[in-house]
Amino acid sequence: GQNIDQPTEMTATEGAIVQINCTYQTSGFNGLFWYQQHAGEAPTFLSYNVLDGLEEKGRFSSFLSRSKGYSYLLLKELQMKDSASYLCVPIDSNYQLIWGAGTKLIIKP
Amino acid sequence: IAGITQAPTSQILAAGRRMTLRCTQDMRHNAMYWYRQDLGLGLRLIHYSNTAGTTGKGEVPDGYSVSRANTDDFPLTLASAVPSQTSVYFCASSETSRSSYNEQFFGPGTRLTVL
């Protein structure tokens with residue numbers, strides 16, 4: 001079966017750094033997205049990884065290890081507006097996006 | 001308009017009634033999708049369309065139907081609503097469905113309550 005494992009909830013302090021880990025099992029693999037979803041809103045795209053390594057985009061970075069079925073999202077200089085759910089979304093062999101419940105990140109002052 | 005629009009924003013519906021949720025995109029994307037998201041859970045794919053004129057079933061298609069008469073519009077119909085269909089419904093689109101990079105863009109969602 002297809003499976004995504006992320007922490008249900010994490011808490012971090014404004015200005016700090018947080019790493020959200022994701023392990024996945026899919027039928028084939030064609031890349032991985034990270035999406036952000038604020039409460040009551042639609043998901044929005046953050047990053048895309050298809051090759052092993054780190055992709056950096058401003059305060060956000062995403063890492064992928066295909067052999068380990070592992071990815072993480074790193075958020076630096078946390079701001080209150082970063083309070084949201086973060087969704088690790090692998091793409092299977094049929095190019096279907098596999099959605100899990102994500103990690104709810106709570107930022108405290 | 002720019003992006004994807006959905007209508008209505010929210011709706012309260014009596015069980016047994018028929019309801020159509022509308023979705024329109026202006027990005028000329030080939031692929032479109034309907035998801036539902038229940039509180040605290042991930043998105044579940046209801047139906048999808050890889051291109052105008054074609055549709056397919058997702059993970060939870062029962063009780064729903066779709067049509068794709070043109071590129072821009074992808075309505076979702078509940079033939080006879082039941083309380084278990086209470087959810088937030090998101091429409092999404094992507095340039096293609098047959099590529100490893102097929103970022104999906106989402107509409108704002110429709111909050112549906114079936115009583």
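In table form, for the structure just shown:
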{"item": "Any hit, segment B:81-89, residues being under 20 Å from A:Phe33 (Cα atoms), modelled with pLDDT of 95 or more and within 11 Å of another protein chain (Cβ to nearest Cβ)", "result": "no"}
{"item": "Which numbered condition A:Leu54 fails, given (1) within 11 Å of the chain's Cα centre (by Cα); (2) free of Cβ contacts under 8 Å to residues at least 24 places away in the same chain", "result": "(1)"}
{"item": "Flag for B:Arg22 being more than 12 Å from the chain's Cα centre (by Cα) and of a type in the set (Lys, Arg)", "result": "no"}
{"item": "Qualifying positions in segment B:60-100 - within 14 Å of the chain's Cα centre (by Cα), under 21 Å from B:Gly3 (Cα atoms) and without any contact (Cβ under 8 Å) to a residue 24 or more places away in the chain", "result": "B:Ser67"}
{"item": "Among the residues listed as B:Arg36, B:Arg68, B:Arg44, the single one being part of a loop (DSSP other than H, G, I, E, B), of a type in the set (Lys, Arg) and either surrounded by 14 or more Cβ atoms within 10 Å (Cβ to Cβ) or away from chain A (no Cβ under 14 Å) (or both)", "result": "B:Arg68"}
{"item": "Listing of strands (runs of 3 or more DSSP E) fully contained in segment A:18-109 that carry 3 or more residues being within 14 Å of chain B (Cβ to nearest Cβ)", "result": "A:32-37, A:44-49, A:84-90"}
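Residue-wise test of (1) crowded, with 16+ Cβ neighbours inside 10 Å; (2) under 23 Å from B:Gln37 (Cβ atoms); (3) in contact with a strand residue (DSSP E or B) (Cβ under 9 Å, 6 or more places away or on another chain).
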| site | (1), (2), (3) |
| --- | --- |
| A:Gln6 | yes, yes, yes |
| A:Ala39 | no, yes, yes |
| A:Tyr48 | yes, yes, yes |
| A:Leu54 | no, no, yes |
| A:Leu64 | yes, no, yes |
| A:Tyr72 | yes, no, yes |
| A:Met80 | no, no, yes |
| A:Ser83 | yes, yes, yes |
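The values are calculated or read from the model by the stated rules, or taken from the named source; none is laboratory data. Small disclaimer: the values here were computed from a predicted structure and weren't measured. Don't worry about glycine lacking a Cβ; one is built from the backbone with ideal geometry, like all the others, and counts go over all protein chains shown.
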